[in-house]
Amino acid sequence: MKPKVILPILFLSISLLLAFVADPNEISFVNQNFSASEKQLTKLLDTANQIDSLYPRTTNPEGKVVFTNMYEWTSGFFAGSLWYGYEGTGNTALKNEAIKWTEKLEPLKNFTEHHDLGFMVYCSYGNAYRLTKNEKYKDILVQSAKSLSTRFSEKTGVIKSWDRFGSWDGKGRYDFPVIIDNMMNLELLFFASKVTGDDRYKKIALSHAENTMKHQIRDDFSSYHVVCYDSQTGKVLSRETAQGYANNSTWARGQSWGIYGFTMTYRETQDPRYLNVATKMADYYINHEDLPSDYVAYWDFNANQNGYTPSVRSKAKEMPTNYRDASAAAVTASALLELSTFKGVDAKKYRDAGVKILKSLSGAAYFAKYGTNGGFLLRHSVGSIAHGVEIDVPLVYADYYYLEALNRYKKILAGA
Ligand code: GLY
């Protein structure tokens, strides 16, 4: 063969090879952070195992771990973090702890008092089933999907998040509020339909996603936190915030739940409309002019800006500091990494942005030194500034989505 023919073939072969051989620096980045996480998780385990039947969530101002009961929305994240820690490191001690912390949550399968069952059960039992294929876990997940479905209304076409919601201005009282976070609960319903063959759960998820897309996302693909429906007519009565800066602002973690929720909904449906919403919501985050250079968003994209005013009773107006929210960044990193694996998207853009967040969170500014931070991995998250709680603290769900993102990046590097 002539050099004119050989050279392009050689070049193409080398490029293809490089594209499929993972960069050793990236593999070592992932492995180092799994090792650091494994050590730190073990530290939190030591504390958590001294307390029976409570679930770690954050730290108090003295740096002590704060626990909740199992009925709080965050109860499943610690077990989920242990599963991801096990998956990333192969440490069977973490697996045994993950089993123990998951199985304590079994009573949740009949819980119907708020919408967060998807978080509570899918992050714990969902990972448990994915990694062990234990049929008992599958049954618990299906029963949980049944319980969650009781909150769906044919009249509104959505799942009720909370039983009531009062506006921050003290005027509005609603009995059918839906928050953008609720998109995250749909994964449990898609799962239940897949494993049972009963499409009732999937139908609920589709109806919820459709209405959320219609009523909760603005024209610029930012999101409202809370949409209140008329429980009798299904009409939208108001659009407000509970945890964000103002009713017309974009609460960063709400935007992250939307990016993640619509990315997952596209994975489960292959409906291009959901891919469109997921990519545009992701673009809103990535391209926002106030996104700091490390891509860890401020807690609300509009905090302390002209044109955005917190309602009279919200504590947001007493907060001049624009705190970052590492939890929003961790959720977004995980979602972007999944988004980057879909055909027809700018894979490089979403992967680079996801990896950038992951690297920021893995740096000294966010990743806690061993033994500090109450044993949680990440610093600088925000629970709810509007309520004046959990400001600039570790949060168990920030750690969960960080570990999920690390696992997703590991799989991308492995070409899986
Ligand atoms: N799902 C509640 C929150 O994100 O704070």
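For region 320-327, indicate whether the set of residues that are within 26 Å of Arg57 (Cβ to Cβ), within 16 Å of the ligand (Cβ to nearest atom), in a loop (DSSP other than H, G, I, E, B) and touching a strand residue (DSSP E or B) at 6+ places or on another chain (Cβ under 6 Å) is non-empty. Looking for residues that are within 26 Å of Arg57 (Cβ to Cβ), within 16 Å of the ligand (Cβ to nearest atom), in a loop (DSSP other than H, G, I, E, B) and touching a strand residue (DSSP E or B) at 6+ places or on another chain (Cβ under 6 Å), one finds at least one in region 320-327, hence yes. The set of residues in region 162-177 that are touching a residue at least 60 places away in the same chain (Cβ under 8 Å), in a loop (DSSP other than H, G, I, E, B) and in contact with a strand residue (DSSP E or B) (Cβ under 8 Å, 6 or more places away or on another chain) comprises Ser167, Trp168, Gly172.
Among the candidates Glu106, Glu113, single out the residue that is surrounded by fewer than 21 Cβ atoms within 10 Å (Cβ to Cβ), within 16 Å of the ligand (Cβ to nearest atom), over 17 Å from Leu377 (Cα atoms) and of a type in the set (Asp, Glu).
Testing whether each residue is surrounded by fewer than 21 Cβ atoms within 10 Å (Cβ to Cβ), within 16 Å of the ligand (Cβ to nearest atom), over 17 Å from Leu377 (Cα atoms) and of a type in the set (Asp, Glu) leaves just Glu113.
Report whether or not Val389 is surrounded by fewer than 16 Cβ atoms within 10 Å (Cβ to Cβ), under 30 Å from Gly166 (Cβ atoms) and over 16 Å from the mean Cα position of the chain (by Cα). Answer is yes for this residue. Taking the criterion of being under 30 Å from Asn134 (Cβ atoms), within 16 Å of the ligand (Cβ to nearest atom) and crowded, with 20+ Cβ neighbours inside 10 Å, would at least one residue in region 238-253 satisfy it? No, because not a single residue in region 238-253 is under 30 Å from Asn134 (Cβ atoms), within 16 Å of the ligand (Cβ to nearest atom) and crowded, with 20+ Cβ neighbours inside 10 Å. Taking Ser256, is it small (Gly, Ala, Ser), within 14 Å of the ligand (Cβ to nearest atom) and assigned to a helix (DSSP H, G or I)? So Ser256 passes the test.
Within region 138-161, which residues are of a type outside the set (Val, Ile, Thr), in contact (Cβ under 8 Å) with a residue 24 or more places away in the chain and surrounded by fewer than 20 Cβ atoms within 10 Å (Cβ to Cβ)? Listed by number, the residues that qualify are Lys138, Gln143, Lys146, Ser147, Ser149, Ser153, Lys155, Gly157.
Residues in region 373-413 that are more than 15 Å from the ligand (Cβ to nearest atom), touching a helix residue (DSSP H, G or I) at 6+ places or on another chain (Cβ under 6 Å) and over 16 Å from Ala329 (Cβ atoms): how many? Number satisfying all stated conditions: 4.
Asp198 satisfies every condition listed in (1) touching a residue at least 40 places away in the same chain (Cβ under 8 Å); (2) more than 16 Å from the ligand (Cβ to nearest atom) except (1). Screening region 259-278 for residues that are of a type in the set (S, T, N, Q) and free of Cβ contacts under 8 Å to residues at least 60 places away in the same chain and picking the one that is nearest to the ligand (Cβ to nearest atom) gives Asn276.
Here's the yes/no breakdown for (1) part of a loop (DSSP other than H, G, I, E, B); (2) out of contact with any Lys or Arg (no Cβ under 9 Å at 6 or more places or on another chain); (3) modelled with pLDDT under 95:
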site: Ser28; (1), (2), (3): no, yes, no
site: Lys43; (1), (2), (3): no, yes, no
site: Gln50; (1), (2), (3): yes, yes, no
site: Arg57; (1), (2), (3): no, yes, no
site: Glu62; (1), (2), (3): yes, yes, no
site: Phe78; (1), (2), (3): no, no, no
site: Trp83; (1), (2), (3): no, no, no
site: Ile99; (1), (2), (3): no, yes, no
site: Leu108; (1), (2), (3): no, yes, no
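The values are calculated or read from the model by the stated rules, or taken from the named source; none is laboratory data. All figures in this text were calculated on a predicted structure; none of them were measured in a lab. Counting neighbours? That spans all protein chains shown, and the Cβs are built from the backbone with ideal geometry, glycine included.
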